[in-house]
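K.L.:
Have a look at this one before I ask anything.
We did not get these values from a lab; they are worked out from the coordinates using the rules stated. Everything quoted here is computed from the prediction, not taken from an experiment. Counting neighbours? That spans all protein chains shown, and the Cβs are built from the backbone with ideal geometry, glycine included.
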Amino acid sequence: MGKIEKTELVEYFLAEAEDYLNVLGFGIPQLENAVDRTPILEELFRAAHTLKGAAAIVKLTATSHIAHRLEDILEAFRNKRLVVSRDTIELLMLMLDAIAKMIGDIAEGKEEDQSVEEKFSGRVQELLDSLDEAAETDIGLDMAEEEVEQKRETAETAVVPEVVEPKEASVDTIQAPVMTTEAAEPKKEEMEYSFGNFIRLELHKIEDMFNLIGEVTILKNHMLKKTKHAGDLSEEVLFAGKRLLEEVNRFAERHSYSINDNTKYVDPLFSEFGELEFDRYDEQNIFSRKVQELTEDIAEAMKELMGFYETFQDDVKSLDRVVNHLRSDLSDSRMMDIGRLFQRFARPVKEMAREAGKKVDFQISGQSTKIDRVIFEKLFDPFMHMIRNSIGHGIENSEERVSKGKKGEGLISLSAKREGINIVIELSDDGAGINTGRIMEEAVKQGLVAHDAKLSREEILSLIFLNGFSTATETDMTSGRGVGMNAVRNQIANINGTIELSTETGKGTIFRIRVPSSMAITNVIVFTYASMEFVIPTSLIEEVVQYEQPLETTQSDGSEGGLTVDYRGTSIYAKKLSEVFHVVGNGRGEKKDGFVIVCSVSNKKVGLIVDDVFMQEEAIIKPINQFLSGLSIYSGITISGDGRVRLVINPLKIFEDETGAVAITPTEVESDEGRRVLVVDDSLSVRKYLSAFFLARNLKVFTASNGSEALKELEQTEVDLIVADLEMPVMHGYELVTRIRAIEKFRHIPIIVLTSRSAGKHKEKALELGADEYMVKPFEESAMEDALRKYALLQSH
Amino acid sequence: MKQEEIPQGAANQKTFCVFGVGEREFLLAAEEVREIVDISRIFPIPGAPDYIYGALPLRGKIIPAVDLSKIYPIEKPAFANPKLLIVGVENENIGFLSETSPFFVTFDDDILVDDLIDTKSFFETYRIKNMGYGKN
């Protein structure tokens with residue numbers, strides 16, 4: 001291995017330092033109340049010691065120095081030479097903060113801030129001096145240090161390259177093979193990462209291997225499928241072969257020796273023999289014999305082929321097992337205990353609780369549940385947000401709790417467990433619970449639902465996941481920054497996870513997050529719609545149900561969309577893919593049966609109507625090309641074993657507008673103030689989407705599904721802006737524009753053409769006929785806002 | 001065609017790749033063209049704007065195929081035996097459909113070339129931006 005650059009070393013250091021800091025940050029506060037401190041101390045001691053050594057290697061002397069002092073104090077605790085007190089724990093935390101700050105600086109590319117140590121160096125020195133005095137009176141300082149150092153080395157279990165500070169090299173005996181004693185400067189080549197049974201390697205190398213093994217798995221699965229197919233075929237051939245053989249044999253029995261009395265032999269030789277004296281063969285006999293021979297040859301070859309096929313099948317099965325093993329081993333290599341994630345919240349919980357003036361106990365369980373590193377990292381932010389909410393809004397302050405008959409100290413707990421291929425993480429608090437009445441109030445105030453909407457409890461709870469929803473009355477430090485649960489839900493959806501919540505007034509709230517345990521290979525369900533293949537990760541699917549009767553339409557106008565499906569006794573909202581993207585066509589269309597994929601989207605069950613659903617498959621989901629990444633209904637792509645592209649559907653994006661639009665009835669929302677917009681589009685979804693967009697900007701919206709309806713609407717209502725599609729039934733957009741411009745009283749109304757046609761000639765034509773703006777779907781919200789400002793429907797910034 | 005086969009002009013010259021859609025010809029800077037492939041199978045991307053002709057699977061990834069006739073006023077091209085010019089831009093690959101077999105030309109670098117596609121600004125302009133809906 002080549003020489004390792006210092007910067008590279010620092011990166012290794014930063015990666016591991018975080019873990020040690022977390023161990024220390026989680027463990028030190030526990031010392032105070034722990035009954036048996038020994039196991040905690042052992043763990044803390046190891047962490048401090050390893051941190052010290054690792055910092056020394058990368059020449060972070062100040063960090064190493066503080067870690068060394070930390071280690072000394074912990075050592076003294078362990079030897080019972082020092083009593084654990086609140087004071088000393090505070091001091092330890094101060095030291096830890098200092099280390100964290102310095103490491104933070106290093107990560108940002110800055111130098112160590114040597115001055116941080118000054119804050120507590122006096123107290124540490126004092127403490128240590130008192131120890132040293134005691135030690136000297138005992139066995140003498142030198143001996144003690146050596147012994148201590150040896151003990152430390154035996155305590156060492158971590159995987160870091162181990163080197164002590166140069167000043168201690170002289171007392172070091174154990175590390176001789178690692179470091180040449182005569183060299184003051186450790187040679188980097190010799191500190192390669194081959195200590196003990198561990199090696200460290202960069203994450204991306206594992207990722208690469210993972211991708212490769214993923215490809216192998218998919219090819220293997222494809223091969224298995226094909227092998228099975230080949231097996232079926234050969235069985236069929238064998239069966240047919242047997243029948244052929246039988247037939248031929250029967251035929252041969254009758255014909256191979258039979259002699260036709262009427263046969264006239266041309267060969268004069270035969271006439272010399274009597275009928276029974278010579279076997280005579282006519283063409284039929286000869287043919288029959290040949291066929292018999294051939295069939296037997298074929299049958300023989302078939303038997304051999306079957307034999308070969310059987311061994312081949314065994315080989316493929318062994319390959320399958322080996323690949324699966326390899327994959328699970330490799331997969332384990334990037335699995336982490338979720339407990340390490342949970343630990344990271346211990347300190348923030350304490351700090352946030354202190355800031356909020358509340359008492360909160362933090363409990364964790366299921367720490368050893370394994371989770372993919374990629375998912376692990378993506379969970380920190382959403383959980384931090386939810387915990388912040390729990391402390392900010394959920395947990396009441398002590399007096400309130402006591403008056404309600406609860407313990408004065410609130411409880412926040414995190415637990416994890418495995419459920420099949422998924423990990424279920426629950427975050428629960430025993431706070432006040434979520435007030436559905438208040439959610440409803442806020443949602444009405446923010447225009448997210450109509451004031452007289454009748455929503456079920458579940459539907460009300462799902463409102464908190466809407467974009468822009470917040471119940472925080474004022475923005476405070478802990479929550480209410482407007483990011484909200486919408487961001488949390490999206491972050492979790494990005495890792496193919498789902499979130500649900502249940503809450504009980506006065507008792508508390510539970511958030512249940514379900515994520516796949518591994519990201520590299522995802523279990524998916526393959527389905528078709530309009531002869532195209534798509535996939536949805538199995539982790540997002542509740543159930544797949546088959547329907548045999550036409551689905552009920554909830555829309556009174558008979559337009560597509562708004563279907564309901566019966567699911568376990570309740571009717572749930574369902575959607576066809578054709579509504580999501582018009583261009584797909586109608587799938588099997590009017591066909592009366594099909595499948596509904598039931599998903600859970602923000603606490604609600606929704607259904608996606610598809611043509612056919614195939615078996616589950618394993619797939620590697622890759623991010624979609626950057627050029628297309630704006631298509632958020634797709635969370636990625638997979639390529640099937642035989643090279644077909646399958647888009648990965650993100651149900652959240654398909655249904656999020658529906659869950660938001662539960663009670664919006666765009667044409668009826670009353671708002672006397674505000675300017676008016678007429679939306680003309682034949683697609684219900686576009687009308688809904690645009691209505692929501694304009695309503696959110698305090699505009700009054702009218703809709704029409706074609707040009708002719710639009711003209712009728714214009715006769716009745718005065719509007720300030722028209723947004724029209726080009727392609728529509730009955731009367732298309734060009735004609736609508738032409739007619740509007742021909743009528744004097746409508747001539748002044750600005751028209752925005754919003755179409756999926758991006759070709760220049762459409763634009764030229766539309767503008768020539770009198771349209772004012774030309775926008776291409778999908779449009780950018782900012783561009784639409786600019787246009788609204790231009791026509792004074794929206795105030796400038 | 002692999003990258004190493006793409007001709008490089010002299011120091012004061014610049015090489016372009018010329019391809020055709022309908023009656024129009026377009027140019028790309030030769031060094032941006034990574035590969036030219038025959039299109040055997042292309043898969044539609046529902047919800048994408050009409051200038052995205054489809055997606056071509058290539059070595060475990062997909063390349064979006066851009067149909068310039070939907071962006072420039074060009075009579076409907078046949079795309080009977082189309083080629084895809086794969087261009088590297090912004091650490092990503094995108095493809096342009098061509099009805100003709102692309103060829104390379106070299107000019108002195110002080111000549112201003114018409115119909116040159118600035119891939120970077122093309123990418124920025126036509127990249128599908130983040131919006132809730134991919135609907136028509």
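K.L.:
Cross-link partners among lysines for residue A:445, C-alpha distance below 18 Å, same-chain residues fewer than 8 apart left out?
P.N.:
A:454, A:700
K.L.:
For residue A:406, give me every one of the lysines with a C-alpha distance below 24 angstrom, ignoring sequence neighbours fewer than eight places off in its own chain.
P.N.:
Within the straight-line cut-off, residue A:406 pairs with A:350, A:358, A:359, A:507.
K.L.:
Also, quick follow-up: With runs of 4+ DSSP H residues as the only contributors, calculate the mean residue ellipticity of chain B at 222 nm using -39,500 (n - 2.57) per run, divided by the residue total and rounded to the nearest 500. It would help to have the intermediate numbers written out before the result.
P.N.:
On the way: 1 runs with 8 residues, N = 136.
It lands at -1500 deg cm²/dmol.
K.L.:
Something else: Label chain B by shape, choosing from rounded, prolate and oblate, from the square roots a ≥ b ≥ c of the eigenvalues of the Cα gyration tensor; if a/c is under 1.5 it is rounded, and otherwise prolate applies when a/b is larger than b/c, oblate when it is not.
P.N.:
Working: a/c = 1.63, a/b = 1.60, b/c = 1.02.
Since a/c reaches 1.5 and a/b is larger than b/c, the shape of chain B is classed as prolate.
K.L.:
Report, by chain and number, residues whose modeled amide H sits under 5 Å from the one on residue A:423, excluding near sequence neighbours (fewer than 5 apart, same chain).
P.N.:
Correct list: A:515, A:517.
K.L.:
Show me the trypsin sites (Lys or Arg not before Pro) within region A:482-535 that DSSP assigns to loop and that have at most 16 other Cβ atoms within 10 Å of their Cβ. Could you put the intermediate results ahead of the total?
P.N.:
Values: sites: A:489, A:507, A:512, A:514; in loops: A:507.
Hits after loop and neighbour filter: A:507.
K.L.:
If you add up the charges near residue A:734, with Lys and Arg at +1 and Asp and Glu at -1, over every other residue whose beta carbon is less than 13 angstrom from its beta carbon, what do you get? Intermediate results must be reported in sequence, preceding the final value.
P.N.:
On the way: positive: A:739, A:741, A:757, A:761, A:763, A:765; negative: A:725, A:727, A:735, A:764, A:768.
Computed value for this residue: +1.
K.L.:
So what's the net charge close to residue A:51: Lys and Arg +1, Asp and Glu -1, counting the other residues with Cβ under 11 Å from its Cβ?
P.N.:
On the way: positive: A:46, A:52; negative: A:16, A:18, A:19, A:71.
Here the charged neighbours net out to -2.
K.L.:
Work out, in µm²/s and without decimals, the Stokes-Einstein translational diffusion coefficient of region A:71-121 at 37 °C, 0.692 mPa s, Rh from Kirkwood over C-alpha pairs. Write down the numbers at each step before the final one.
P.N.:
Numbers: Rh = 12.1 Å.
For the chosen part, D equals 271 µm²/s.
K.L.:
Could you run the Karplus curve 6.51 cos²θ - 1.76 cosθ + 1.60 with θ = phi - 60° over region A:501-516 and give me ³J(HN,Hα) per residue in whole Hz, x for Gly and Pro?
P.N.:
My calculation for region A:501-516 gives 9, 9, 8, 9, 4, x, 9, x, 9, 10, 9, 10, 10, 10, 10, x Hz in order.
K.L.:
Could you work out the relative contact order of region A:361-490? I mean the mean sequence separation of Cα pairs under 8 Å and 6+ apart, divided by the number of residues, in percent. Walk me through the intermediate numbers first.
P.N.:
Details: 152 pairs, mean separation 32.1, N = 130.
The value is 25 percent.
K.L.:
A further question on this structure: Lysines within cross-link reach of residue A:370: Cα-Cα under 19 Å, excluding same-chain residues under 8 positions apart?
P.N.:
Partners found: A:378, A:417.
K.L.:
Let me ask you something else. In the neighborhood of residue A:637, defined by Cβ-to-Cβ distances under 10 Å, what is the net charge if each Lys or Arg adds +1 and each Asp or Glu adds -1?
P.N.:
+3
K.L.:
Now for a different question. For a 22 Å ceiling on Cα separation, which of these pairs sit above it: A:575/A:712; A:220/B:83; A:575/A:604; A:205/B:61; A:576/A:653?
P.N.:
Values: A:575/A:712 30 Å; A:220/B:83 31 Å; A:575/A:604 14 Å; A:205/B:61 19 Å; A:576/A:653 14 Å.
Table pairs above 22 Å Cα-Cα are A:575/A:712; A:220/B:83.
K.L.:
Let me ask you something else. Below 8 Å between Cα atoms, with a sequence gap of 6+, how large is the relative contact order for chain B in percent? Show your work: numbers first, answer last.
P.N.:
Values: 248 pairs, mean separation 40.5, N = 136.
That works out to 30 percent.
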